[in-house]
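The values are calculated or read from the model by the stated rules, or taken from the named source; none is laboratory data. The structure displayed is predicted, hence computed values, not measured ones. As a convention, Cβ positions derive from the backbone with ideal geometry for all residues, glycine included, and neighbour counts pool all protein chains shown.
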Amino acid sequence: MTSNTSSGRVIRVASAGHAVFAATMIGLGILAFITGKFPPTWSGVPKGMPAREVLAYLCAAVSLAAGIGLLLRRTAALASRVLLTYLLLWLLLFRASHIFFSPGELDTWWSCGDTLVMTAAAWVLYVWFAGDRDRPRLGLATGDEGLRIARVLFGVGLIPFGVAHFTNLADTASLVPGWLPGHVAWAAFTGCAFLAAGVAVLIGVCARLAAALTALQIGLFTLLVWVPTVLSGPNAFQWNEFVDSWALTAGAWVVADSYRGMPWLAAGRR
């Protein structure tokens, strides 16, 4: 981990992915405060839920505070712990719970994958920044065990992305940039890539390579598909997809960074 300030004691940057993820959380918080609505990472709250607007602003506050806290040496551990706890609760209350009510809906599984990736990133950061007080009390959540859990969540989260490419093959193909030939082939290829990456991370075969290529793939989606869409004047759905894709890129980047030092083609190590 490195520190970059005149004193070397204020800013704490563990990796490029960490910096991008923290900046993304700050951006999500600012966006939520401006719009008064849930950004994509915090979607899934029933419209009839009491105090829904209050919860939206709470999400904004958590995102903004956690993003800033992740960059500061004294608060990085606390910020990662709070963000991880909040995302785990969100996963249970507003993502996994939907599986019982609408298990056949693709959006149910996609949104679970979305939150699983972000939770995995927060967990990796918590492992990196956990203090001496955390390790004895929460040994399972820190160290190598914590990283294994984070990576499993990440691998599981990629599976719905791959499935969605095939269940919505025509819609996915329509998003492929016009200058690329074989739109359906590209949609199928990227779907297979998500599925293969998820399995690779889960079984620990070429996991570092799989995580890095996943971050690259989602980043290319953001750059080639959603950036041009945003520049051309997006509707609300397209804007949300851009923000979501950006956040997922940052989350995947953090998980990929967690494999630093491991061989690219390592087998049997999660």
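What is the number of the single condition among (1) touching a Phe, Trp or Tyr at 6+ places or on another chain (Cβ under 9 Å); (2) more than 18 Å from Leu158 (Cβ to Cβ); (3) not aromatic (Phe, Trp, Tyr) that Leu224 does not meet?
Every listed condition holds for Leu224 apart from (1).
Just one of (1) at pLDDT 90 or above; (2) crowded, with 16+ Cβ neighbours inside 10 Å; (3) polar (S, T, N, Q) trips up Thr85, so point out which.
The single condition Thr85 does not satisfy is (2).
I need a count of the residues in the range 34-92 that are under 19 Å from the mean Cα position of the chain (by Cα) and of a type in the set (D, E, K, R).
1
Name the single residue, out of those in the range 210-232 being among the polar types (S, T, N, Q) and closer than 15 Å to Ala252 by Cβ, that is surrounded by the fewest Cβ atoms within 10 Å (Cβ to Cβ).
Per the stated criteria, the residue is Gln217.
Taking the stated definitions as given, is Ala22 over 30 Å from Ala212 (Cβ atoms), surrounded by 13 or more Cβ atoms within 10 Å (Cβ to Cβ) and in contact (Cβ under 8 Å) with a residue 12 or more places away in the chain?
no
Residue under question is Leu265, and the condition is that it be surrounded by fewer than 18 Cβ atoms within 10 Å (Cβ to Cβ) and over 24 Å from Ala19 (Cα atoms); does it hold?
So Leu265 fits the description; yes.
Residues in the range 229-236: is at least one aliphatic (A, V, I, L, M), modelled with pLDDT under 90 and either under 22 Å from Ala23 (Cα atoms) or not in a loop (DSSP other than H, G, I, E, B) (or both)?
Among the residues of the range 229-236, at least one is aliphatic (A, V, I, L, M), modelled with pLDDT under 90 and either under 22 Å from Ala23 (Cα atoms) or not in a loop (DSSP other than H, G, I, E, B) (or both), which makes the answer yes.
Among the candidates Ala196, Ala185, Ala207, Ala247, single out the residue that is aliphatic (A, V, I, L, M), over 24 Å from Ile99 (Cα atoms), at pLDDT 95 or above and crowded, with 16+ Cβ neighbours inside 10 Å.
When all the criteria are applied, what remains is Ala207.
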